[in-house]
Amino acid sequence: MTVLLILFSATTCVAADVGKDCQSGRVDSCTQILQSNPADLNALANRGIGLRVGGEYDRAIADLDAALRIDPDIAGLYLERGLAYDAKGEHQLAIRDFDEAIGRDPDLVQAHFGRAMAHQAVGQRELSTVDMDNAMRLNRTLVAALYMQRGNQLRAIGHHGEAIAAFDRTIDINAGWPLAWFGRAASFEETGNSKRAAADYRKCIELPAKTDIERQRQKEARERLDKLGGR
């Protein structure tokens, strides 16, 4: 399994990498299914994913626990529970679940990445490096996207120093990604470093945009650069 989420039947709740604003609908749909069938594996797993992305970590863990009691051999369930534990700061429990996920699917990039972050959080830098090297060997592009996701999450909660570090790593891997420059620029701007913010906004604008979201961020970058006085 090489995708972040488990792909379940489209007749229930299809697990997909969707934004937080989509999670309420997923959770509600799965809850309706579980009211009639509390042991529906698809609904338990997908509701757990939705709750995790929505920040309701304890509820997510409870659903993923129930799903794992039904089928303890799905790597993605351990991955998702590990991500929930890690977000709660329970890094050792997260590492245990990432171990289980990797044991079942050694090519699951997100589990190597997640374990690298958890090892780093508990000061195990050598193990973190090994995990990140493995993730990079498997899929550099996905690792860049995961750093980007981490940067955006950290920026959203005001942890700008850590966000900038995550965007740094994204740019190290893929310097041609306008979204990474925009994200780092926004964090610099929010910490009052207008000079660095302006430089990154300009870089974002200069790069070729390949998607609608990249074009939208370039438009926002121009607007923010104007507000900064084009510094």
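The values are calculated or read from the model by the stated rules, or taken from the named source; none is laboratory data. Predicted model only: the values in this text are computed from it and were never measured. Backbone-built Cβ (ideal geometry, glycine too); neighbour counts: all protein chains shown. Heads up: the accessible areas ignore ligands, DNA and RNA and are worked out on the full protein's heavy atoms, side chains in. Shrake-Rupley method; radii C 1.70, N 1.55, O 1.52, S 1.80 Å.
Any idea what the dipole of the range 174-222 comes to, in debye rounded to 20, about its Cα centre with Lys/Arg Cβ at +1 and Asp/Glu Cβ at -1?
Here the size comes out at about 140 debye.
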Reduced Cα scattering model of the range 180-230, Debye log10 I(q)/I(0), q = 0.18, 0.31 Å⁻¹: -0.45, -1.20
Please list, or write none, the lysines whose alpha carbon is within less than 30 Å of the alpha carbon of residue 227, excluding same-chain residues fewer than 8 places away. 20, 195, 203, 210, 219
The equivalent-ellipsoid semi-axes of the range 100-212, taken as the square roots of five times the Cα gyration tensor eigenvalues and listed largest first in whole Å, are 27, 16, 10
Carbon and sulfur %, accessible surface of the chain computed with the full protein complex present, 1.4 Å: 48
Compare 118, 75, 39 in a GNM of the chain, Cα atoms joined below 10 Å, and give the one with the largest fluctuation. 39
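Per residue, what accessible area does the chain have, given a 1.4 Å probe and all protein chains present, in Å²?
In whole numbers, the chain has 49 Å² accessible per residue.
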Checked against the positive end of the charge dipole of the chain (+1 on Cβ of Lys and Arg, -1 on Cβ of Asp and Glu, about the Cα centre), the farthest of 61, 128, 75 is 128
Cα centroid separation, the range 78-135 to the range 30-65 (Å): 22
Round to the nearest 10 and give me the degree value, 0 to 90, for the angle of helix 57-70's Cα axis relative to the longest principal axis of the chain. 40
Could you tell me which of 32, 213, 110 has its Cα farthest along the dipole of the chain towards the positive end, charges placed at Cβ (Lys, Arg +1; Asp, Glu -1), taken about the Cα centre? 213
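Using the crude model of +1 on Lys and Arg Cβ and -1 on Asp and Glu Cβ, and no other charge, please compute the dipole size for the chain relative to its Cα centre, in debye to 20.
1020
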For the range 154-206, just say rounded, prolate or oblate: build the C-alpha gyration tensor, square-root its eigenvalues into a ≥ b ≥ c, call rounded for a/c under 1.5, and beyond that prolate if a/b exceeds b/c, oblate if not. oblate
What whole-number distance in Å separates the alpha-carbon centres of the range 206-231 and the range 175-194? 11
Taking log10 I(q)/I(0) by the Debye sum over Cα atoms at q = 0.07, 0.16 Å⁻¹ as the quantity of interest, determine which of (1) -0.22, -1.10; (2) -0.35, -1.14; (3) -0.25, -1.11 was computed from the displayed structure. (3)
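How would you order 104-111, 43-50 from highest to lowest mean count of nearby Cβ atoms within 10 Å?
Result, highest mean first: 43-50, 104-111.
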May I ask for the angle, rounded to the nearest 10°, between helix 140-156 and the longest principal axis of the chain, with both axes built from Cα atoms and the value confined to 0 to 90°? 80
Crossing angle, helix 160-173 versus the chain [Cα axis fit, 0-90 degrees, rounded to tens]: 90
Between residue 28 and residue 162, the two model label points (7 Å from Cα along the beta-carbon direction) sit apart by a distance in nm of 3.2
